[in-house]
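First the structure, in the form of structure tokens, and then the observations on it.
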There are 2 protein chains.
Amino acid sequence: MSDLQSVLVVGTGLIGTSVALALREHDVDVLLADRDARAVRLACEMGAGSPWRPGEHAEPVDLAVIAVPPHFVAEQLKSLQERGAARHYTDVASVKALPITQAGRLGCDLTCFVAGHPLAGRERSGPTAATADLFLGRPWAYCPTEETSPDAVETLLGLIKLCGGEPVRVGAEEHDRAVAVVSHAPHVTAAAVAARLAEASDTALGLAGQGVRDVTRIAAGDPVLWTGILSGNALPVAEVLEAVAADLTAAAAALRRSAAQAAEAGGAAVSDGSEAPSDAATAGEELAARGVPPAMSWVTSLLKRGVAGTGRIPGKHGGPARAYAVVQVIIGDRPGELARLFHVAEEAGVNIEDVRLEHAPGLPLGAAELSVQPQAAAALTEALRAHGWHVPA
Amino acid sequence: MSDLQSVLVVGTGLIGTSVALALREHDVDVLLADRDARAVRLACEMGAGSPWRPGEHAEPVDLAVIAVPPHFVAEQLKSLQERGAARHYTDVASVKALPITQAGRLGCDLTCFVAGHPLAGRERSGPTAATADLFLGRPWAYCPTEETSPDAVETLLGLIKLCGGEPVRVGAEEHDRAVAVVSHAPHVTAAAVAARLAEASDTALGLAGQGVRDVTRIAAGDPVLWTGILSGNALPVAEVLEAVAADLTAAAAALRRSAAQAAEAGGAAVSDGSEAPSDAATAGEELAARGVPPAMSWVTSLLKRGVAGTGRIPGKHGGPARAYAVVQVIIGDRPGELARLFHVAEEAGVNIEDVRLEHAPGLPLGAAELSVQPQAAAALTEALRAHGWHVPA
């Protein structure tokens, strides 16, 4: 691991300033540059480093971190290399093939450059949103090419370590396909669902629950910023969107076939709901028993693929998704209500792994869903009830 | 408002048993029926009422609540009416045109039936997940037809009031279009995004963040249950899915055109990142300055429609979405950490409106995002810092 002593950060937005703050906590010398002088001044005031004045710094720094939008990375790299600004270079853009390809075309020295991408962000942007903790425990992808020198990789690994990130070595194309699936295409899809809400009736919005809120939350992100990101990963994102669109088109076709089949059957329910179900009923039989037309089986298979997909998302602490028990409790909308609730959990020796609040529209009441280790659920339920909380059975 | 004294609940799942529990809190006589005798026994043990024995109950009850899957509602209504079981009837299915149409075809008496749909649910199902609080402050859609008698509507409004719901009068077709937009189509879309995760590499899953988790959360729901719901609302859901698919297909085409335009431009970045931005720059100029090809403007417009759609979702307490300030604080994964945090907020007189926990994978540290009234953010930040919490600037 190389001993990082001096770093130049070019671009003092959220990510660049956060890198600088993390390095300052380890007493690394940090120089800061941005096309916006105010952003540099703000970052300096936050203790992220001191302004870079190219003429005054004859010695190259150990590493330059290029923290500018994807389409600017290669030009910056070229310009910095021409000045001999650093011994090694990296970037933090959320796409990786584009800057590497452009850098090659511009004739940059690719032996001392390793493309990188810390998987961290916040809904706020700019230097004032920066924090030294931003990368703690987060994956930090890095993409050496055949030309990259081992020294350059060692230097970047030193940076990731000082920032508290978890290095993930991955090829640039594989990286871009991966973020297309887990970030870029979901963002566009959320926007397409949210776009339906823009056209919908007030009545429809009045019936909105937690589900559609979750599905569309990320669609509130900055359209200009996201256009830049998507543009830099255009083909991998297009492929995923086409696959999603194909599934939705096929689902719509199956639903229309199903409606036609139901109309042919005269709209009659097929089965007598008063009969006891057979314990041996398969899902298909169960559906037929509910009068669901056969064309719906395609939709069922899509929903099953969806369940399989959600099951693959890693859980807390990066391991496989853990099955927590969820304890629901009804809470009032008064100051201190949650404090008392967590205090009771603490006294019972129960660690709350996650919490989700759902407020009941129109009333000062809501439900808190507390995720805990399965073996702790009974103790928490008992403790909450003993203190007068309503925990539904 | 009619004075509800006796109610028959047919179907003692989550919704039916919750209705029964709410009615029992107001001392309404409740009779329970289900094709599954065990479900009735469980509901009775929970205090939801007593078993319905058709031969023994000569007098019709005030209201029968048909809480069975959509495709069974009409048959149940027919059968109950033939027995003279109740003076008025309603159902709770999540689609409304299907049961009304089927009931008409079966020759049911539609003067004494009002279709209904409480917008409430939980991730757990069955009678043991039921709670009298389930409908508190939630919308409860009801769909009278031209045939419906005013008495039947009054009776249903009495039920909704006793359950604590908020009645929303809406036509059956409008209801079905509304839930297609805010619930059914988002569910299928979430499944289509999650289906991509089922095919993705382990590397891709390792780079998953909070965004894709939110988008796909509801896709973990029971495929068989959801197939029944979607089948009962096939055409409205198909229409919304086709609109989503059309947007995604167009977005993919724009991305492919954008990639072609970038290739024609030789992959060169268009602008010098070291220049200061013009304050007067429009979004389009900003994008061009980033070297983003013109074909991306279609994607930007979709993202903007998405932002507009998310802005229409009503916020807490049913009003327009309120803009809370978000205070982020770094927390450790120890018992009592959140209790202490909420305790500090309480002492500072700050009510935490919402909380989102994000755990850092691989480390016992995470970020809590606390939503508070904007004027309370400074006080909360100060109080947390005074007690040693790390609150990023």
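The residues B:390, A:71, sorted by heavy-atom accessible surface at 1.4 Å with ligands and nucleic acids left out, run B:390, A:71 from largest to smallest. Screening chain B for DSSP H helices whose Cα atoms reach 24 Å or more along their own axis and whose mean Kyte hydropathy is at least -1.0 gives B:234-264. Here chain A is treated with +1 on each Lys and Arg Cβ and -1 on each Asp and Glu Cβ, and its dipole about the Cα centre works out to around 480 debye.
Based on alpha-carbon atoms only, what is the radius of gyration of the range A:176-238 relative to the globular estimate 2.2 N^0.38 Å?
Dividing the Cα Rg of the range A:176-238 by 2.2 N^0.38 Å gives 1.25.
Peptide A:291-300 shows a mean partner chain C-beta count of 5 within 10 Å per residue C-beta. Counting only DSSP H runs of at least 4 residues, each contributing -39500 (n - 2.57), and dividing by the residue count of chain B, the helix-based mean residue ellipticity at 222 nm comes to -13500 deg cm²/dmol.
Let me know the Kirkwood hydrodynamic radius for the range B:6-170, please, with Cα pairs as the basis and the value in Å to one decimal.
Radius from the Kirkwood sum: 15.3 Å.
Within chain B, the proportion of C-alpha pairs whose separation exceeds 29 Å stands at 60%.
Computed on chain A, with alpha-carbon pairs under 8 angstrom and 6+ residues apart, the relative contact order is 11 percent. Remark: relative contact order (the range A:69-214) = 20 percent; criterion is Cα-Cα distance under 8 angstrom and separation of 6 or more residues. Most simply put, chain A has about 45% antiparallel DSSP beta bridges, counting only bridges with both residues inside it. Summary value for the range A:176-238: 59 percent relative contact order, contacts being C-alpha pairs under 8 angstrom separated by 6+ residues.
Report, in whole Å, the centroid distance computed from the Cα atoms of the range A:168-217 and the range A:65-112. Using only Cα atoms, the two centres lie 31 Å from each other. Inter-chain Cβ neighbour count for A:95-101, averaged per residue, equals 1 (cutoff 10 Å, partner chain atoms only). When the alpha carbon gyration tensor of the range A:97-210 is reduced to an equivalent ellipsoid, the three semi-axes, largest first, read 37, 19, 12 Å. Ellipsoid fit via the Cα gyration tensor, the protein assembly as shown: semi-axes of 53, 30, 21 Å, each the root of five times an eigenvalue, largest first. Relative to the Cα centre, the charge distribution of the protein assembly as shown, modelled as +1 at Lys and Arg Cβ and -1 at Asp and Glu Cβ, gives a dipole magnitude of about 360 debye. Take the Cα of residue B:109, go 7 Å toward its beta carbon, and the backbone nitrogen atoms of the range B:141-155 under 19 Å from that spot belong to B:144-155.
The values are calculated or read from the model by the stated rules, or taken from the named source; none is laboratory data. Since we're looking at a predicted model, the values are computed, not measured. Glycine also receives a Cβ, built like all others from the backbone with ideal geometry; neighbour counts cover every protein chain displayed. What goes into the accessible areas is simple: the full protein's heavy atoms, side chains included, and nothing from ligands, DNA or RNA. Shrake-Rupley method; radii C 1.70, N 1.55, O 1.52, S 1.80 Å.
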